[in-house]
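Here's the structure we're looking at; comments come further down.
The values are calculated or read from the model by the stated rules, or taken from the named source; none is laboratory data. It should be emphasised that the depicted structure is a prediction, and the values quoted were computed from it without experimental measurement. Heads up, the Cβs are rebuilt from the backbone with ideal geometry, glycines too, and the neighbour counts pull from every protein chain shown.
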Amino acid sequence: MSVRAGVLVDGGFDDIRSRDVRFLEEASGLGEVTVRLWPDEAPAWRSAPKFCFAERSYILNAIRFVGRVAVVGKAAEDTLRIWAERETQASVARESMARDLGLEYRVISEARLDGFPQHPPVPRSGAIKVAVTGCYDWLHSGHVRFFEEAASFGALTVFVGNDAALAGLKGPGHPRFPQDERRYLVAAVAHVHRAQVSTGSGWLDAEAQIRASRPDIWIVNEDGDKPCKRDLCRELGIDYRVLTRRPADGLPARSSTELRGDAASRQVTSD
């Protein structure tokens, strides 16, 4: 059995967004991706990173297209064959750095990063089906941790709130990112078996999907615990569980509302 070529990706990946993930996906098509992640004090930063190294590393390690995360200066291994670069970051100097490491320099065009493709479900063993619902309008480490915890119960399906439902719950200016983009980012997290956009409205925007899929467990965070969800689970015989929001060890607590800085939306929260 042949071994896939190792692909080196170098960058800061601060406040990771869909085009960053699309780039990692395209790079993974060339081989197994090692992200050489800039430390907080790296001279390459134009301004201080918004998120610390530990948090950026935690998120990247959870992306299904990333094989591993390495510290700058510790990624030049024998398995690496290619240095993959975004078109917007490509330069003669960086190509020279790749050549000095004995790596082929491959530039991925920005046009290749358009769209939000669907992917087959991440394989999961066992028959227990777990569902969570939410907005995920600014994917962050708290979401990744929630998915990680929920996935420990079984194969996790995430029902992502549709645009109209979010606008109805949170008001003008929401969502910040459209539903297909949010679904794509959620599906890129390796803890997630499948991601699907809901079709309803209000706190039970995923009611049709819950009724159709009949998960064994529906998991919510404390601020997403609503009587209507409990009633639906009681009707369908679904185990309903509420998790306490806890960040991953050593990381700060995060919320999309705080990251967005939108005081008007702080009266309405969702899991």
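Does G173 qualify as being free of Cβ contacts under 8 Å to residues at least 60 places away in the same chain, in a loop (DSSP other than H, G, I, E, B) and of a type in the set (G, A, S)? Answer is no for this residue.
This table checks each residue for (1) of a type in the set (S, T, Y); (2) assigned to a strand (DSSP E or B); (3) under 17 Å from V186 (Cα atoms).
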residue: L24; (1), (2), (3): no, no, yes
residue: A27; (1), (2), (3): no, no, no
residue: V33; (1), (2), (3): no, yes, no
residue: A44; (1), (2), (3): no, no, no
residue: V66; (1), (2), (3): no, no, yes
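When V71 is tested against (1) among the β-branched types (V, I, T); (2) outside the structural domain of S256 (by TED's automatic domain parsing); (3) surrounded by 15 or more Cβ atoms within 10 Å (Cβ to Cβ), exactly one condition is not met: (3). Residues that are surrounded by fewer than 15 Cβ atoms within 10 Å (Cβ to Cβ) and in contact with a strand residue (DSSP E or B) (Cβ under 8 Å, 6 or more places away or on another chain) within region 199-212 are absent altogether.
Can you tell me which residues in region 74-100 are at pLDDT below 90 and surrounded by 14 or more Cβ atoms within 10 Å (Cβ to Cβ)?
The initial filter retains those residues of region 74-100 that are at pLDDT below 90, namely 74-79.
Scanning region 74-100 gives A75, A76, T79.
Taking residues in region 214-235 that are free of Cβ contacts under 8 Å to residues at least 12 places away in the same chain and within 11 Å of V132 (Cβ to Cβ), and partners anywhere that are assigned to a helix (DSSP H, G or I) and among the acidic types (D, E), not one pair has Cβ atoms closer than 6 Å while being at least 6 places apart or on different chains.
Once region 128-138 is narrowed to residues that are touching a strand residue (DSSP E or B) at 6+ places or on another chain (Cβ under 8 Å) and assigned to a loop (DSSP other than H, G, I, E, B), the residue that is farthest from H174 (Cα to Cα) is I128. Residues of region 144-170 being farther than 14 Å from E181 by Cβ and without any contact (Cβ under 8 Å) to a residue 24 or more places away in the chain, which ones? Within region 144-170, S152, A167 qualify. Filter region 77-94 down to the residues that are of a type in the set (K, R) and not in a helix (DSSP H, G or I), then identify the one that is nearest to E32 (Cα to Cα). Restricting to residues being of a type in the set (K, R) and not in a helix (DSSP H, G or I), the top hit is R81.
If you go through region 46-64 one residue at a time, how many are among the aromatic types (F, W, Y) and part of a helix (DSSP H, G or I)?
Taking region 46-64 and keeping what is among the aromatic types (F, W, Y), we get 51, 53, 58.
From the residues that got through so far, the ones that are part of a helix (DSSP H, G or I) too are 53, 58.
The number of residues fulfilling the criteria is 2.
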